[in-house]
Amino acid sequence: METTINTLTVKNNTWTNLLAIADRQTDNKTTWYLFSLIFQGVLFLPIPAALMYYYHASIIVLPVTFGLFLANIIAGMGGSGIRIVLGLFIFTVMINLTMLAFYIF
């Protein structure tokens with residue numbers, strides 16, 4: 001007698017792997033939260049001043065950068081999961097690097 005087992009096919013293996021990596025970091029959530037705050041505080045919070053002074057950027061870079069920093073603080077202190085903390089950190093990095101590229105190049 002042959003038994004057929006229905007299998008679930010995963011369409012996006014890369015996305016599943018990224019989520020698995022994020023889920024393995026659950027024990028290190030506080031470390032990732034502190035790393036993201038220090039990383040952004042040192043590298044990204046000075047960006048608005050430099051862009052506005054040297055490259056005559058619009059004032060919108062200030063609330064965007066500071067808003068993303070505050071969003072990371074709220075997400076980390078508010079008890080969000082590791083996927084949210086890491087996802088918001090990566091999103092913040094991408095937005096800030098995009099602003100840098102837009103005004104410098």
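The values are calculated or read from the model by the stated rules, or taken from the named source; none is laboratory data. Here the structure is a predicted model, which is why all the values come from computation and not from measurement. Here the Cβ positions follow ideal geometry from the backbone for every residue, glycine too, while neighbour counts run over all protein chains shown. SASA here: full protein model, heavy atoms, side chains in, ligands and nucleic acids out. Shrake-Rupley method; radii C 1.70, N 1.55, O 1.52, S 1.80 Å.
Some notes on this structure:
- Summed over segment 22-42, the residues that are within 18 Å of residue 94 (Cβ to Cβ) and either surrounded by 10 or more Cβ atoms within 10 Å (Cβ to Cβ) or at pLDDT below 90 (or both) give a count of 8.
- Failed item, numbered, when residue 80 is tested on (1) at pLDDT 95 or above; (2) open to solvent by less than 60 Å² (accessible area, probe 1.4 Å): (1)
- All of (1) exposed (fewer than 14 other Cβ atoms within 10 Å of the Cβ); (2) within 30 Å of residue 105 (Cα to Cα) hold for residue 72 with one exception: (1).
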